[in-house]
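Peer 1: Here it is, the structure in full.
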Ligand SMILES: [Zn+2]
């Protein structure tokens, strides 16, 4: 959030310098939204990927709510920008916003046309184009190059400000109906918010026209360009669900988008308010900053979640899919007025995603997840970092997980019917508007007839977690915990019921053999570590066996054969851990293990292939004639044309076998400037280590 007051201060200074007398507009005391209401925006854009540039025109229509002497639009670090109003051109631009000074009168309806070009540093990203400071086009050289390593362009507005590439309003309290047209090279898909009304030839390129019918905050404007195919399904209510994928990933389509339609239908029914937008598009992109972003009707997500059916068990898109979908109501339809009310977006999206998952995976799953959330909050609490849910500086653990918990608690308190009725009223009353926590609470008070002042004080305003109460109230009474296991409580894993497998491995083994609860068994195996018995291998399902592969680092001879069977499991995490542990424990069989796993790539981050290459390089008698080729392949994965997660694995392995040479280091230096901050931080640290 950037408040008008902050911007205005700079503006006063500027005016004082210019005119030597006082000219302080009343606008300075409040936000521009009190004076001007922007209604529609029609953007006509040209994207030039090889120059990293975007330009064009955006025409805003607006209504003046109170007399005002100037109107501004945010535009960060534009190379060229000018505004046309009432046949006059304005150039008053300070690198942050463009101002049109004019005595605007209340009730006046008019439009401003802004022409611009810029090379954005953030919020719009050009991935894999020649222009992109060292990013090379993948199509030219490598045998490993795939279509998706060709260029992409995508946006991330939340936290970055759309005004870095499109003159717009940083304040999310002004909702605007955006219609976006984009000119781009032929052969690419161009995806934006709204409905595609037509495409047309445009001087050898293609012009794409998108149309929205309802307003939204500027941070939700989305643009994604790349080589894609798509499949369309229809929800029960008839909404097109447009799911994009890279042309070479047709076999990954089903596992990636598994349960999409089911969750969509579930949420529409559960929330009780029809999906508010014309369609729902989901687009995977390379090197995304987050897991996913809920742009209106157009979720963009990391292609790390594009997975095959084996990877599904380890890492899938289901939770992120449900979370971004829930935001289409909570965040996009009703939007927080300020960071104080951020939980109205993230807490709700987390909670409704959990409800959608409960519908698929069952009640046990739901309570185990809530239990895990409570554990995370408890850890934060022990570190003295608990904050009020209404503190705009709260951690994401608080906004997301305490937010979800508060909704769970509230629904328990007022009952399912009143909760659902209140949520529905709240959404309908404030649709396409902005909301505060009070707006929500009032609707639940009305629907339930309860006075919620104490609830709000205790769970929302107070920074106290009340962990004991959460645990006492919710976990000891749940069927899945007590009835199934009698005395032996999974909560034994908490401080209340210490189940200490380190010191009591035999007791843990007995519980394991009696229990059919996969979650519980995973936890026991994690604690047992190297104390795992033979029976554990045969009893465990794929998730329990994955826990064995990770936990058991010292493999006794008598379990060697059982352990080797993990190499054929349908889990890339299992195979990765098993290969490494077997290679370490049984040097005499290294060549056999390497031959068995040869050719398995793993996830999109190539977790197995990169490990395999590193092991192949340091196994002296394994294919000496191919050593150079394997080295070049592993080093090749440090190149900017690969996904940052692939690169991170390659850097780590090269460093661990002391083989990060000049080329690797150059790629590492480039990585230190990467737009994904976690990756650039990793690269900077590794550079220090190597020097
Ligand atoms: Zn979210």
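The values are calculated or read from the model by the stated rules, or taken from the named source; none is laboratory data. Because the structure is a prediction, the values reported are computed rather than measured. Virtual Cβ from ideal backbone geometry, glycine too; neighbours counted across all protein chains shown.
Peer 1: Identify, from the list 662, 609, the residue that is more than 22 Å from residue 291 (Cα to Cα), free of Cβ contacts under 8 Å to residues at least 24 places away in the same chain and surrounded by 17 or more Cβ atoms within 10 Å (Cβ to Cβ).
Peer 2: After applying the criteria, what remains is 609.
Peer 1: Within 12 Å of the chain's Cα centre (by Cα) and either over 30 Å from residue 177 (Cβ atoms) or crowded, with 20+ Cβ neighbours inside 10 Å (or both): does that describe residue 330?
Peer 2: no
Peer 1: For segment 206-229, which residues satisfy the criterion of being assigned to a strand (DSSP E or B), over 21 Å from the mean Cα position of the chain (by Cα) and surrounded by 16 or more Cβ atoms within 10 Å (Cβ to Cβ)?
Peer 2: Within segment 206-229, 206, 207, 208, 209, 210, 211 qualify.
Peer 1: Considering only segment 256-363, give the strands (runs of 3 or more DSSP E) lying wholly within it that have at least 1 residues that are more than 16 Å from the ligand (Cβ to nearest atom).
Peer 2: In segment 256-363, 280-285 are the strands (runs of 3 or more DSSP E) which contain 1 or more residues that are more than 16 Å from the ligand (Cβ to nearest atom).
Peer 1: For segment 537-563, what are the residues that are assigned to a helix (DSSP H, G or I), crowded, with 16+ Cβ neighbours inside 10 Å and over 36 Å from the mean Cα position of the chain (by Cα)?
Peer 2: The answer is 559, 562.
Peer 1: Just to check your reading of the model, which residue among 587, 624 is surrounded by fewer than 17 Cβ atoms within 10 Å (Cβ to Cβ) and over 22 Å from residue 660 (Cα atoms)?
Peer 2: Within the list 587, 624, the selection yields 587.
Peer 1: Checking the structure you have, find out if any residue of segment 380-389 is assigned to a helix (DSSP H, G or I), touching a residue at least 12 places away in the same chain (Cβ under 8 Å) and either more than 16 Å from the ligand (Cβ to nearest atom) or more than 29 Å from residue 290 (Cβ to Cβ) (or both).
Peer 2: Yes.
Peer 1: Residue 134 passes all but one of (1) over 22 Å from residue 297 (Cβ atoms); (2) at pLDDT 95 or above; (3) over 25 Å from the mean Cα position of the chain (by Cα); which number fails?
Peer 2: Here residue 134 meets the rest and fails (2).
Peer 1: Further question: Go through (1) within 16 Å of the ligand (Cβ to nearest atom); (2) surrounded by fewer than 19 Cβ atoms within 10 Å (Cβ to Cβ) and name the single condition residue 401 misses.
Peer 2: Against the list (1) within 16 Å of the ligand (Cβ to nearest atom); (2) surrounded by fewer than 19 Cβ atoms within 10 Å (Cβ to Cβ), residue 401 comes up short only on (2).
Peer 1: When segment 665-677 is examined, which residues are found to be in a helix (DSSP H, G or I) and surrounded by 11 or more Cβ atoms within 10 Å (Cβ to Cβ)?
Peer 2: Scanning segment 665-677 gives 665, 666, 667, 668, 669, 670, 671.
Peer 1: Follow-up. Could you figure out which of (1) in contact with a strand residue (DSSP E or B) (Cβ under 8 Å, 6 or more places away or on another chain); (2) surrounded by fewer than 22 Cβ atoms within 10 Å (Cβ to Cβ) isn't true of residue 168?
Peer 2: (2)
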